[in-house]
1. Condition first: surrounded by fewer than 18 Cβ atoms within 10 Å (Cβ to Cβ) and charged (D, E, K, R). Now tell me which residues in region 183-218 satisfy that.
2. Looking at region 148-198, which of the residues that are touching a Lys or Arg at 6+ places or on another chain (Cβ under 8 Å) and of a type in the set (Val, Ile, Thr) is farthest from residue 236 (Cα to Cα)?
3. Against the definition (part of a strand (DSSP E or B), in the same structural domain as residue 147 (by TED's automatic domain parsing) and of a type outside the set (Gly, Ala, Ser)), how does residue 241 come out, yes or no?
4. When residues of region 183-225 are filtered for being closer than 14 Å to residue 171 by Cα and basic (Lys, Arg), how many remain?
5. Could you list, in sequence order, the residues of region 200-221 that are among the aliphatic types (A, V, I, L, M) and touching a strand residue (DSSP E or B) at 6+ places or on another chain (Cβ under 8 Å)?
6. Say whether the condition of being assigned by TED's automatic domain parsing to the domain that holds residue 247 and over 18 Å from residue 247 (Cβ atoms) is met by at least one residue in region 177-191.
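The values are calculated or read from the model by the stated rules, or taken from the named source; none is laboratory data. Being a predicted model, the structure only gives us computed values, none of them experimental. Reconstructed Cβ throughout: ideal geometry from the backbone, glycine too, with neighbour counts over all protein chains shown.
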Amino acid sequence: MSDLPPRDPLESDEAPDMAAAELALGLLDGDERAVAIRRVLAEPGFARSVERWRTHLAQLFDLWPAIEAPDLFARIEASLDRPAEAPVATLALSPPAKSKLWPALAGLSSMAAAVMLFVLFTRPVPVPPAPQARPTATVAAARAPTLVAAIDADAAGVASATAVYDAQAGAMRITEAKLVGADRSAELWVIPADGTPHSLGLLHARGGTALTLSRENRARIAAGAVLAVTVEPIGGSPTGLPTGPVVAKGSLTAV
């Protein structure tokens with residue numbers, strides 16, 4: 001192990017760690033000082049660098065003797081108590097001028113602040129116009145009442161069905177009902193006020209049926225409209241209009 005003393009941090013080939021120098025000079029405060037102290041505890045090399053800086057700077061401090069700071073406060077008080085024969089530049093610091101100047105500036109500042117407050121509180125504040133609410137189709141549908149129809153079978157011994165229309169979802173659910181034979185399809189129609197039937201879809205014989213309606217059919221669903229079930233070929237009407245007899249029907253009612 002070498003007995004040579006550690007090299008001066010200013011003579012090192014590498015750039016000195018200025019954080020170590022700043023900590024040694026007492027220039028760090030707050031978070032920076034806390035970080036540097038943690039480094040002293042965690043990094044032996046950094047701690048040695050701080051100590052070298054302190055030793056190096058202590059030698060520089062020894063080159064200049066300590067000089068007591070002059071008593072400036074006493075000199076300032078003495079200058080304020082002097083009579084008014086001081087030069088023009090000194091007269092600005094004399095008590096008479098000071099006593100007149102600062103109250104005048106304070107009065108002007110108070111007046112300016114009062115004027116600003118008066119303007120702020122008396123100026124009419126423009127009120128932005130309220131945005132015009134445009135109800136969307138979803139909001140309008142959410143406010144629409146639920147519609148229910150009891151679809152009564154015309155033939156004896158045929159079970160009836162119940163239809164419930166959810167306006168917000170635009171969907172209709174029909175309970176299970178066996179309205180036609182296995183070799184036929186039961187097709188549901190809506191008949192609005194104009195009397196023209198429009199197909200809503202095919203009904204399932206088991207488990208009930210859930211139908212999502214098109215935008216056009218949603219507009220036709222309203223209280224008083226008639227739901228009718230017809231007997232059609234497998235797969236539904238080939239013409240887009242009822243081709244078989246009506247086996248059940250009922251009117252939609254708001255609940």
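1. Those that are surrounded by fewer than 18 Cβ atoms within 10 Å (Cβ to Cβ) and charged (D, E, K, R): 183, 184, 194, 206, 215, 216.
2. Restricting to residues being touching a Lys or Arg at 6+ places or on another chain (Cβ under 8 Å) and of a type in the set (Val, Ile, Thr), the top hit is 164.
3. Values: part of a strand (DSSP E or B): no; in the same structural domain as residue 147 (by TED's automatic domain parsing): yes; of a type outside the set (Gly, Ala, Ser): yes.
The answer is no for residue 241.
4. 3
5. Applying the first criterion (among the aliphatic types (A, V, I, L, M)) to region 200-221 yields 200, 202-203, 205, 210-211, 213, 219, 221.
200, 202, 203, 205, 210, 211, 213, 221 - these are the residues of region 200-221 that are among the aliphatic types (A, V, I, L, M) and touching a strand residue (DSSP E or B) at 6+ places or on another chain (Cβ under 8 Å).
6. At the first step, the residues of region 177-191 found to be assigned by TED's automatic domain parsing to the domain that holds residue 247 are 177-191.
So of that shortlist, the ones also over 18 Å from residue 247 (Cβ atoms) come out as none.
Checked against the condition, which is being assigned by TED's automatic domain parsing to the domain that holds residue 247 and over 18 Å from residue 247 (Cβ atoms), region 177-191 yields no hits at all.
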